[in-house]
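Before any comments, here is the structure.
Bear in mind that the values in this text are calculations on the coordinates, not laboratory data. Everything quoted here is computed from the prediction, not taken from an experiment. All Cβ positions, glycine included, derive from the backbone under ideal geometry; neighbour counts span all protein chains shown.
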Amino acid sequence: MRSGMVVGDLRVQSMVRAGGGRSYTILWPDATVHEEADGFLRGFEGTGTQKTYAYYLLDHLRWRDREGLATETVTLRHLQQYMGAVGAKVPMPFGQPWRTPPKHPYGDAALEVAAACLKGFYLHQRTFGINPELKAALEQQRLPTKTDRDRALLGHLMTSVEVNPLNRRRRGTRRRNPKMLPDDARALLLEVVNSARDRMVVTWLSDAGLRIGELCGLHLVDLHLREDADCGDCKSPHLHVCHRWGLPNRAAAKSKPDWWLRDGAVTGGLIKRVSPAMISSYFAYMTTEYTAMSTGHGMLLIQLQGPRRGEPWTTDAARGMLRRAGRRAQLAGRIKPHAFRHSFTSAVLDASGGDILVAREAGGWASVQTVEDVYGHPDLHSPEFDSALRAIWGEPE
């Protein structure tokens with residue numbers, strides 16, 4: 001079974017595999033497979049990276065086609081020009097007809113993903129002996145820094161580090177300012193949501209810092225909401241975030257630690273503590289809406305209305321619920337699930353005295369460096385920051 005969305009001449013094609021998982025490739029207008037793209041994307045089978053790379057690669061292939069270029073004739077200069085075009089902040093006179101919607105410029109994070117995708121795609125062609133000059137230009141090296149050595153298992157043996165010439169060069173440490181929830185957002189949202197499920201969603205996002213894909217992908221067996229659960233992984237009430245392939249609502253956990261089902265109990269995965277408020281909201285939801293509507297699939301969040309009533313709830317539906325609730329509560333800006341995660345991690349840092357290791361474990365971040373890059377700067381509205389500015393300005397507090 002196949003379903004695809006036509007985008008210009010080329011298109012990304014989604015294919016349902018055995019077990020419910022999806023694979024992605026790129027097709028020509030006559031529905032034949034783009035062999036170069038398919039060969040590269042097959043290396044990411046069963047991962048979310050495959051879908052991401054498919055759409056980034058689609059933009060590039062459409063641009064390359066309109067420029068009259070092929071794999072054999074593309075140079076490093078061409079690729080750098082392309083990266084400049086997709087990241088340009090000033091719109092072109094006739095727009096960018098080769099871009100997939102929305103056509104806003106790539107941000108810094110998107111440019112990094114695009115750079116990795118293009119480098120991998122063209123280096124993949126080296127197995128066929130195509131364009132060796134481009135291969136040599138892409139395989140650049142540099143001397144390792146102290147940070148590189150610290151991150152490596154055997155850093156003292158490092159003599160060089162690969163560098164991607166398509167990446168935008170930056171100086172110093174890149175800081176990102178996370179978008180937090182408005183003040184009192186949790187309380188205001190709980191006042192306006194319309195169901196026990198939605199109250200549970202707001203509570204669980206607030207108290208556990210879950211990603212929306214993790215929350216929508218939870219199964220009932222993942223929840224160990226009592227002391228000394230059978231898994232033995234955590235004495236306190238907790239849940240296990242488990243990456244599963246081919247869920248019916250297409251939700252997917254970003255983190256992929258190994259997990260097992262042993263004697264009916266889930267072990268492993270990403271373990272997160274749960275609060276008393278989370279447990280209370282769970283039982284309110286389970287004893288009312290869930291028992292009356294669930295269709296026996298075993299997933300936690302279900303659709304409450306419409307033809308899919310009782311089926312697993314999607315991440316898009318959860319985002320829509322939060323967006324509408326934010327408007328009803330008259331909160332500034334668009335309420336997004338990830339803002340709960342940012343607010344949670346920031347609160348953990350404040351409560352732990354700035355302990356980044358605690359924040360990493362509580363939020364399930366992949367590395368301490370990620371927490372440092374995102375949260376390693378002061379809150380512009382904190383009392384400490386405000387006091388420091390007033391002292392500099394010579395104003396009374």
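Arranged by the count of other C-beta atoms within 10 angstrom, fewest first, what order do F121, F283, F40, F340 take? Don't jump to the answer; show the numbers that get you there.
Details: F121 20, F283 12, F40 23, F340 28.
Lowest count first: F283, F121, F40, F340.
When a footprinting reagent is the concern and you count Cβ atoms within 10 Å, what order do L190, L210, L118 take, fewest first? Kindly include the intermediate steps, with their values, before the conclusion.
Details: L190 16, L210 26, L118 21.
In order of increasing Cβ crowding within 10 Å: L190, L118, L210.
Between the stretch 287-308 and the stretch 201-216, how far is it from one alpha carbon centroid to the other, in angstrom?
One Cα centre to the other: 18 Å.
Greater than 32 Å separation of Cα atoms is the criterion. Which listed pairs, K51/K179; K119/K272; K146/K254; K119/K254; K135/K272, meet it?
Correct reply: K119/K272; K135/K272.
Only four residue types carry charge here, +1 at the Cβ of Lys and Arg and -1 at the Cβ of Asp and Glu. Report the dipole size of the stretch 180-312 about the Cα centre in Debye, rounded to the nearest 20. If you can, show how the numbers build up before the last one.
Values: 15 positive and 15 negative charges, 79 e Å.
Once rounded to the nearest 20, the dipole reads 380 debye.
I need V202, V192, V33 ordered by Cβ neighbour count within 10 Å, fewest first.
On the way: V202 23, V192 16, V33 13.
So the ranking, lowest neighbour count to highest, is V33, V192, V202.
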